[in-house]
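Data first, discussion second: the structure below is written as structure tokens.
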Amino acid sequence: MADPSSYRPKPGQIPDSPGVYRFRDEHGRVIYVGKAKSLRSRLSSYFQDLAGLHPRTRTMVTTAASVEWTVVSTEVEALQLEYSWIKEYDPRFNVKYRDDKSYPSLAVTLGEEFPRVQVMRGPKKKGVRYFGPYAHAWAIRETVDLMLRVFPVRTCSAGVFKRSAQIGRPCLLGYIGKCSAPCVGRVSPEEHRELAEEFCDFMAGRTGAYIRRLEQQMHDAAEEMEYEKAARLRDDIEALRRAMEKNAVVLADATDADLIAVAEDELEAAVQIFHVRGGRVRGQRGWVTDKVEAVDTAGLVEHALQQLYGEESGDAVPKEVLVPALPEPVEPVAQWLGERRGSRVDLRIPQRGDKKDLMATVQRNAQQALVLHKTKRASDLTTRSRALEEISEALELDSAPLRIECFDISHLQGQDVVASMVVFEDGLARKSEYRRFQIKGFEGQDDVRSMHEVIGRRFRRYLQEKQKAGEWSEENAVETAEEENGHAGPADARTEDGRPKRFAYPPQLVVVDGGQPQVAAARRALDELGIDDVAVCGLAKRLEEVWLPGEDDPVVLPRTSEGLYLLQRVRDEAHRFAIAYQRSKRTKALRSGPLDEVPGLGETRKKALLKHFGSVKRLRAATVEQICEAPGIGRKTAETIAAALAAAAPPAPAVNTATGEIMEEAGE
């Protein structure tokens, strides 16, 4: 525990201007990022009598070993820089919201030649228009199914679309009138895009005018005695109204707004957001967070606004944002939101009417989410605690293994041998700490040697970082730099700028996938490095036996044991991660071609070459002058490409065994 006075800046050093500050621990990791209207006033508040600080603030300043700051011109710049640094450094003492689930959205891929309507999760992509998020994917599919009757936009995958175009026959949706079948040319790309844009306009809330236009067309068709057309338009209108009824009107003035509510206690907070577009609730999402810093409701709201709109722009930021408490000061936040949107954003607390009533509904949702989270967490925490205690007792450890690392080896008949390291902290997977290794110490298949190599590499990196932190003597330090994640790099990669070190934290327990040989190899690797405070065990798949170093008989945990279940989860996760890495390497190797060997030729220019010539075969037959005609290819690059393709022996031609006919080169 550090004394804050040991790193307190001298009087007069801190400027009295807006800025962003960072606290670092003794290892150089950034542990807290904050902003201030006056750096001098804010930072001075951290260096008062410890007894007068909030308990969480006191923990932070005693964990820190230094503080630094960056002066900016305005409070808006400070807000932007604070958001960027929190996202970059992931400080442990900053509030970080985590989604309680991955919410699906309705997406329209306007960036494609033939836009597609589909369900999407995860980060937003360029050239895609999003609506939602929705609580359930089936709700999106129900809405889309109704909408396709009026807006028959493509919903099929690229593979289905390409196949239908090749055979000249649309899929089932094209036959039943729920797709305009652009794959077979029933509509032109321009007509299909117009349909997609009308779909987007309707989903964005511009519904009234469109339905009135359809009603007028229906009446006109009836007057002209085109009764089939009028009946079809009547059914279209009914389908659109059913789609609209799924989202009841909550704000009568067709408002576009986001409503944010917070429910909190001393330790945790839940945030709920309702996305209202055109007066209707178009999406809902929620977050839960630990209150790791001293923060009030206004501070939680500010963090939520950063999380919601930090990566958004344009119409994704609504005209109005309703909150339970305003950040202090509110002007920089409102200005920042306006810059993200490109026009004024009204940030305020609803006082009366429909908006206040809807905010009460959002607040009830937040309160229920917090209660549900606490109920789940209490049950889960009890189970995880029991599992860790059972492991500790069975393996005769000094304390519960709060950090467990598991290693697994994967290969395909001795080729592409790789290893995985997964991390569980407090019984939960810590995916940001997962690591992958390539086995390069020897050729062939030998799981025992591979395990020895991987364990040695992981803990050599740990000792190197201890040495740099002054916690390991020179005579015990290991000087050899190792590869990690399949790339060579310095042992202190990404430490000086405050990001978490890759192997900075030792586990209390190392689990290996295997029996006595693998356990012995892991223990030997640790002994060679002089590490005697890390326990090792192995979990054999056959009978789920737990093996310890130097023991002839395994430890057998009861089949109903929570401890055994946790070890199985850790082992299975390591196995999954290793196989995924091994398969990705194999897939990458299979996809490689002669153009991959051309130095300085990136993916964009490779695609341009293949598009220009149609195949590698035609490119190989082209002259240097013809290669220069491809977009982005200069003469020097063209000469390099021609030489590389000439040097690469073309693959043997495929032969039809039934006819003896020589076929085109595969993949060309």
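The values are calculated or read from the model by the stated rules, or taken from the named source; none is laboratory data. If you're wondering where the values come from, they're calculated on a predicted model, not measured in any experiment. No Cβ is skipped: glycine too gets one built from the backbone with ideal geometry, and neighbour counts run over all protein chains shown. SASA here: full protein model, heavy atoms, side chains in, ligands and nucleic acids out. Shrake-Rupley method; radii C 1.70, N 1.55, O 1.52, S 1.80 Å.
Using a simple spin-label model with pseudo-atoms 7 Å out from Cα toward Cβ, Glu113 and Glu215 lie 4.1 nm apart. Would you mind checking Lys87/Lys291; Lys291/Lys374; Lys440/Lys585; Lys35/Lys374; Lys35/Lys87 for any pair whose Cα atoms are more than 19 angstrom apart? Cα-Cα > 19 Å for Lys35/Lys374; rest within.
If you take all other residues with their beta carbon under 13 Å from the beta carbon of Pro631, and give Lys and Arg +1 and Asp and Glu -1, the sum is +3. Return the subset of Lys125/Lys229; Lys125/Lys355; Lys178/Lys319; Lys126/Lys607; Lys178/Lys229 for which the Cα-Cα distance in this structure is over 28 Å, preserving the input order. Violating the 28 Å Cα-Cα cut-off are Lys125/Lys229; Lys125/Lys355; Lys178/Lys319.
Taking every protein chain into account, the 1.4 Å probe leaves Lys10 with about 140 Å² of accessible area, to the nearest ten. Surface exposure of segment 333-390, expressed per residue as accessible area with a 1.4 Å probe, stands at 60 Å². Summarising the label geometry, the points placed 7 Å from Cα in the beta-carbon direction at Ala239 and Gln48 lie 6.6 nm from one another. Given a 1.4 Å probe and the protein chains as shown, Val418 ends up with an accessible area of around 0 Å². Residue order by solvent-accessible surface for Lys431, Lys291 is Lys431, Lys291, largest first, with ligands and nucleic acids left out and a 1.4 Å probe.
Converting phi to 3J(HN,Hα) with the Karplus coefficients 6.51, -1.76 and 1.60 and the offset θ = phi - 60°, segment 45-53 yields 5, 7, 10, 8, 4, 4, 5, x, 8 Hz in sequence order, with x at every glycine or proline.
Quick one: which residues, 5+ away or cross-chain, put their amide H under 5 Å from the amide H of Asp408? H built at 1.01 Å from N. Counting only residues 5 or more places away or on other chains, the set is Ser420.
Placing pseudo-labels 7 Å out from each Cα toward the beta carbon at Thr361 and Val555 gives an inter-label distance of 5.4 nm. By a 1.4 Å probe calculation restricted to protein chains, Ser432 has an accessible surface near 80 Å², given to the nearest 10.
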